[in-house]
Amino acid sequence: MGDRWLLESMGDSEQQHHPQEQNQQQRVILKWLVSSPKWRALAALGLGQVVSLLVTATGFTSSFLAREGVHAPTAQAFCNYVLLAIVCGSIVLIKRPKIKVPWYAFLLLAVVDVEANFLVVKAYQYTSITSVMLLDCWSIPCVLLLTWFFLKTRYRIGHFVGVGICVTGLVLVVLSDVHAKDRSGGSNVVLGDFLVIGASMLYAISNVSEEFIVKRINPVELLAFLGLFGSIISGVQVLALELHEIRHTQWTANAIGPFVGFALAQFSFYLLVPILLQGSGSAMFNLSLLTSDMWAVAIRALAYHEVVDWLYFVAFGTVAIGLSLYSYFGEPRPKKQQAAAELDEPGLEEIVAEHPVKEDSGTHSKNTNKEEKQQFFPDKRDNNDDAQIEL
């Protein structure tokens, strides 16, 4: 019955409805779509790939900076934290909400986030990019363990199968690099590998902590405090470790452009991450990032006409299948919330009953609306006109 009402309300062009009635119908339909698990899964997939493309953009701008001789990873992140503090901090100052999370929790989160970014960039100086790609996926099992024990999240078998398929796709990327003889050694491979493992664990802690916080407060508040403390910590680290490098860098247009582009891409990335964490969790977020390296390969092939090994396309398809399977089984939740969600999930008919469409003032439209409501939702609303006649 609800689907028939949906089709009639959207497709009947012969009926002339009042503008307010049309707006009411659109709001009802939009609320139903937002509450649908399938639509939420599709939205999470799309948003995850937007975030993955932003990570690809930060990788390209970082490579341009490295070619120009700019080696200041903390300084690059510092600009992002400053933007977060200015934009999100201004919103928090205007609204002045009651902060439900203690300030030292944001401070610890900022320390973990800053050092994770620093370690993973530093690792490129000591080990190969293939090792970084392979070991970086260590954050996925770390996220699963942390959410299982601390957030009491319960995953289904399908979630684990989807994770396994995604990791298999990443292994295919590494095999493609080896097959294409793209693997190169580093000056200190063991140190570089340990840096990547440490960064992956810090990323897992940061993502799970953000998921915990963002489900209790507004994401803008999280980003405001993360930007505030992150800018302070990264600023101190820049003065201590990278001030000499910044002074001796030739800041030409070829260096300033990628530097600003990196800051804007990372700023956009940080704005979208809490939304994805709030809706789908940190596991889905980390799985979505696995496609960032594959997007980079696709861009190099299309824009720079580089030859791409065929295993890359197989790997991309494998990760896409794993992400789709993981999303198909829905958002993993704590056991109690999962049972409540299955019972309380609204349908279109219930939403329409809560927000009934206003009747038109005309006699014909009023009678038509009354007949449709009696036909489709006979038990949802009482007939007020009949009650008045009986009185």
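The values are calculated or read from the model by the stated rules, or taken from the named source; none is laboratory data. Computed from a predicted model, the values in this text were never measured in an experiment. Cβ: placed from backbone, ideal geometry, glycine included. Neighbour counts: every protein chain shown. In case anyone asks, the SASA skips ligands and DNA or RNA and just uses the protein heavy atoms, side chains included. Shrake-Rupley method; radii C 1.70, N 1.55, O 1.52, S 1.80 Å.
Only a single item in (1) under 21 Å from Thr252 (Cα atoms); (2) touching a residue at least 12 places away in the same chain (Cβ under 8 Å) is not met by Cys88, and it is number (1). Among the residues of region 51-75 satisfying the criterion of being aliphatic (A, V, I, L, M) and in a loop (DSSP other than H, G, I, E, B), which is farthest from the chain's Cα centre (by Cα)? The extreme case among them is Val70.
Conditions tested, residue by residue: (1) under 21 Å from the mean Cα position of the chain (by Cα); (2) surrounded by fewer than 15 Cβ atoms within 10 Å (Cβ to Cβ); (3) of a type in the set (Gly, Ala, Ser).
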position: Ala77; (1), (2), (3): yes, no, yes
position: Val87; (1), (2), (3): yes, no, no
position: Ile94; (1), (2), (3): no, yes, no
position: Pro97; (1), (2), (3): no, yes, no
position: Phe106; (1), (2), (3): yes, no, no
position: Leu109; (1), (2), (3): yes, no, no
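Name every residue in region 272-307 that is assigned to a helix (DSSP H, G or I) and open to solvent by 60 Å² or more (accessible area, probe 1.4 Å), in order of residue number. Those that are assigned to a helix (DSSP H, G or I) and open to solvent by 60 Å² or more (accessible area, probe 1.4 Å): Ile275, Gln278, Trp295, Ile299, Arg300, Leu302, Ala303. Criterion applied to Cys137, Cys142 was being open to solvent by less than 40 Å² (accessible area, probe 1.4 Å), at pLDDT below 85 and not aromatic (Phe, Trp, Tyr), and the one residue passing it is Cys137.
How many residues, within region 239-287, are of a type outside the set (A, V, I, L, M, F, W, C), touching a Cys at 6+ places or on another chain (Cβ under 9 Å) and modelled with pLDDT under 85? Here the count works out to 1.
The criterion of being modelled with pLDDT of 90 or more, surrounded by 18 or more Cβ atoms within 10 Å (Cβ to Cβ) and on the phi < 0 side of the Ramachandran plot holds for Leu226.
Any residue that is closer than 21 Å to Leu289 by Cβ and aromatic (Phe, Trp, Tyr) - is there at least one of those in region 90-103? No, there is no match, as no residue in region 90-103 is closer than 21 Å to Leu289 by Cβ and aromatic (Phe, Trp, Tyr). Within region 256-269, residues that are under 17 Å from Ile86 (Cα atoms) and touching a residue at least 24 places away in the same chain (Cβ under 8 Å) have Cβ atoms under 7 Å from residues that are open to solvent by 30 Å² or more (accessible area, probe 1.4 Å) and part of a helix (DSSP H, G or I) in these pairs: Ala263/Cys79; Ala263/Leu83; Ala265/Leu54; Ala265/Ala57; Phe267/Leu83; Ser268/Leu54; Phe269/Leu54; Phe269/Val55, counting only partners at least 6 apart in sequence or on another chain. Scanning region 111-127 for residues that are modelled with pLDDT under 90 and open to solvent by less than 50 Å² (accessible area, probe 1.4 Å), we see that the one that is farthest from Ser234 (Cα to Cα) is Thr127. Would you please name the residue that is nearest to the chain's Cα centre (by Cα), looking only at residues in region 250-265 that are among the hydrophobic types (A, V, I, L, M, F, W, C), over 11 Å from Val70 (Cα atoms) and open to solvent by less than 60 Å² (accessible area, probe 1.4 Å)? Result: Ala265.
Among the listed residues Ala199, Ala240, identify the single one that is buried (at least 18 other Cβ atoms within 10 Å of the Cβ) and under 25 Å from Ala72 (Cβ atoms). One residue alone meets the criteria, Ala199.
Filtering region 233-255 to residues that are in a helix (DSSP H, G or I) and touching a residue at least 24 places away in the same chain (Cβ under 8 Å) leaves Ile233, Ser234, Gly235, Gln237, Val238, Leu241, Glu242, Glu245, Ile246, Asn254, Ala255.
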